[in-house]
Every structure is written in C-alpha cells, then in structure tokens.
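Since the structure comes first, as structure tokens, the remarks are kept for the end.
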Amino acid sequence: MTKPAYLENFSNPSLARKRASYIREITVSNLEKHLKDFETNFSKKGGHLIWCATYDDAQNEIIRLAEKFSLKKFNLSAKATSKLPQSLPGKLENLGLEIISKKNPISEEKRVLSISEAAFLIAESGNAIITGEALNFFAAGQASILIADINKVIPSGKDLPLFLDFFSSPEKPLPFQMLSGPLSPTQRLIVILVDGGKTDLLPDPLKRQLVSCIDCMQCVSVCPINLTEQIQFPVKSITTPDNVIQHPVYSCTLCGNCTLACPVKIDLQTLLIMKRKDVFSAESKKKHVLTKIFRFTMLKTNIANRIGGKLKKLLLRYLIKETWGKRGGIPDSTPRSFNQLWKVVNNYSTKKL
Ligand code: SF4
Ligand code: SF4
C-alpha cells in the first residue's frame, strides 16, 4: 500500500490518529452545540450564516444573493463546483453575471461574487479556515460565499494544527488563512452551511462515523480502484442512493487501504461492506418474487425438465443481467437438463425410475 504522505508530519502517527479520532467523535456527539456556537461567534465578527438542507437549496441562496447585491461577475472554485449543482454557472449567466476567466478578468468595478469552500469552521472563535485554491478566490469577492458541510466544524482553534497536518506533508505544507470576518467594510462574508443528509446518518452508530470525515482525501490517494480506473471512487458511493443499478460500491476490492489511511479512523471497509449489502437488498427486492418462482421451478425436476434451455437462459439473463455486467455473456443452458442427460448416459427410462 502507498503510505499516505501525512505520516511524515508526525513522530507518532498512530497517536495522532487516535487523538484526531477522539476529537471528531466528541465533536459529532455535540454537533448541534458547536454549530450554534459557530453561528453566534461568526455573526459577532460581521459574517452572515445561512443554513441549507441540500446543495440545491444552497444554489437557490447563491442566486438570491447574486440578484440582491446586483453582482456582475462570478468566480467558482473547483471544490465548490464539485459540490454544488452543475446548473449553477448557467443559472448565474442567465442572470447576466459573467464568469471570471483569463479572457474576462476582474475589472475595477469589483462587483464580484466569489464562491469557494471552507476547510474548517472553528466554533469557539467563529473563524472560518480557507485553504489551497480558496485563498485566491476569497479576496476577489465583494460577496464571498464559503460553502461548508456541517461536519466542517471543529470545537477549538487549538485542534486546527493537528487536522491541517493530515492534508499535507513536510515537503508540501498546506497554505491556509484564518478569516475573522470580512476583509473590508464593503465585503460581505457569507457561510452557507449545508446538511446534505449528514444528520440522517447520526442515529446509526456505524454510519455516523462518516460525519467525522474531514475531507482530507487520504482514502482516495491510497485506493487501488481510484488509481487504476476512471470510475466513481467507492468510498463516495457510501452516500449514493441504494437503488442505483450497477452501484459503484461493487467496484471496491475491500482491500482496506482506505481504513488504514483514514486519519480519523473511520471504518470505511465495514461501511463499504454494509453499503454493498444494502444495495444488494434494494436491487434484489424488486426481483424477489421472480427469483422465488425461478428457484422453486428449478428445484422441481419434473417442471425444470419441461422448460427448454433457451427459455432458462432468457429467464436467467433477466434476473442477473445487471450484476453480471456487459463484458461476459451469460452461458448457454444445454437443451437437456443434467437429470435428463444422466438418464440417457446410464440408459434409464423414466418408467424404470
Ligand atoms: S477497500 Fe475499497 S474503497 Fe477502500 S481502498 Fe480498497 S478498493 Fe478502495
Ligand atoms: S474518510 Fe477519507 S476523506 Fe474522510 S477523513 Fe477519512 S481519509 Fe479523509
């Protein structure tokens, strides 16, 4: 397994992971309190917090704000793009906003809406932490929106260095900025806090671990599926709806690399197994009755013998085509069953039996 680069940052990586896992567990247990504390302290510093249940709601809020502040241009970071609905840039352009690009740089007018992502939100101080590309996006905006999942909250600033170390290596430290309110009196700093179905995970003792995730992507960096195939990363599939045919969770080899790499010790391997079980049950429920009939028929020799090989293949193809995949053809059924062949080879007649 490729070792995660963050291990080099710690003299005792195992202890660091234990500590991080403990802090995340405590944070998730008091999530509501920490989120409220963040709202109170962030608002005191001149920031504005909007709560949204889904990313579609977040999109509606962004459009509302763009109209309200009569903004002319917008900037959207790659991370925010990956979370928000793909229709957002088109909707903003329909409102008359121009996307900022090399061809269309930021003008003096500065009526810019900048949308990026917050890496962490510190509850006790009300500060938002931005990292990487969000640093360039934030300063440009007259209205700067930071999208943040509810799991981005951490109780205190003293925990921050530990968590930031999981995103970097000694050779490649992570640049970050702590925002303690808007940069100027004319700038608006807005955090859109998105639930995104995370509170639904809280009652389940296994799934609630996912709320501890800090989005460090270390699990992605060590996943052999992610390294070798351009398919949806299996860990992402844990939160994909169950009724998706050919669910990406089937591509996981269950090697366990992601569990070993996760700095907050989320048991991803077990979650993937559970998810595979859920997906399988959801898919098989639809075919439960047909499968029962097929099984009953095939176990009754007299009935099975009367069904020809072509019909058996047709039924089998219908029942297993989605899990079988496109590459392998379904094998032919012989015109005679094993029972019939056995009788022929051994020269038995039905009457003898
Ligand atoms: S267990 Fe699955 S998701 Fe995790 S690293 Fe292995 S293949 Fe990837
Ligand atoms: S699940 Fe993956 S992204 Fe989340 S904390 Fe663990 S390693 Fe990082």
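The values are calculated or read from the model by the stated rules, or taken from the named source; none is laboratory data. No experiment lies behind these values; they were computed from the predicted model shown. Neighbour counts are summed over all protein chains in view; Cβ atoms, including those assigned to glycine, are modelled from backbone coordinates with ideal geometry.
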Exercise. Do any residues in the range 34-49 that are closer than 18 Å to residue 183 by Cβ have Cβ atoms under 6 Å from those of residues that are charged (D, E, K, R) and in a helix (DSSP H, G or I), where the two are at least six apart or on different chains, and which pairs are they?
Worked result: 49/39
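Conditions (1) surrounded by fewer than 18 Cβ atoms within 10 Å (Cβ to Cβ); (2) assigned to a helix (DSSP H, G or I); (3) modelled with pLDDT of 90 or more; (4) in contact with a Ser or Thr (Cβ under 6 Å, 6 or more places away or on another chain), marked per residue:
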site	(1), (2), (3), (4)
185	yes, no, no, no
230	yes, no, no, no
250	yes, yes, no, no
255	yes, no, yes, no
Problem set entry | Selection status of residue 344, within 16 Å of ligand 1 (Cβ to nearest atom) and either within 30 Å of residue 6 (Cα to Cα) or at pLDDT 75 or above (or both) | no
Problem set entry | Criterion: at pLDDT 90 or above, in a helix (DSSP H, G or I) and aliphatic (A, V, I, L, M) - qualifying residue of 160, 146 | 160
For this session: List the number of the failed condition for residue 16; all other conditions in (1) small (Gly, Ala, Ser); (2) more than 20 Å from residue 191 (Cα to Cα); (3) exposed (fewer than 13 other Cβ atoms within 10 Å of the Cβ) hold.
Result: (3)
Exercise. Tell me, which helices (runs of 4 or more DSSP H) lie completely within the range 25-113 with 2 or more residues that are modelled with pLDDT of 90 or more?
Worked result: 31-44, 55-68, 88-94
Seminar exercise, completed: Looking across the range 262-276 at residues that are within 9 Å of ligand 2 (Cβ to nearest atom) and in contact with a Ser or Thr (Cβ under 7 Å, 6 or more places away or on another chain), the single one that is modelled with the lowest pLDDT is 268
Exercise. What do you reckon, is residue 220 at pLDDT 75 or above, more than 7 Å from ligand 1 (Cβ to nearest atom) and of a type in the set (A, V, I, L, M, F, W, C)?
Worked result: yes
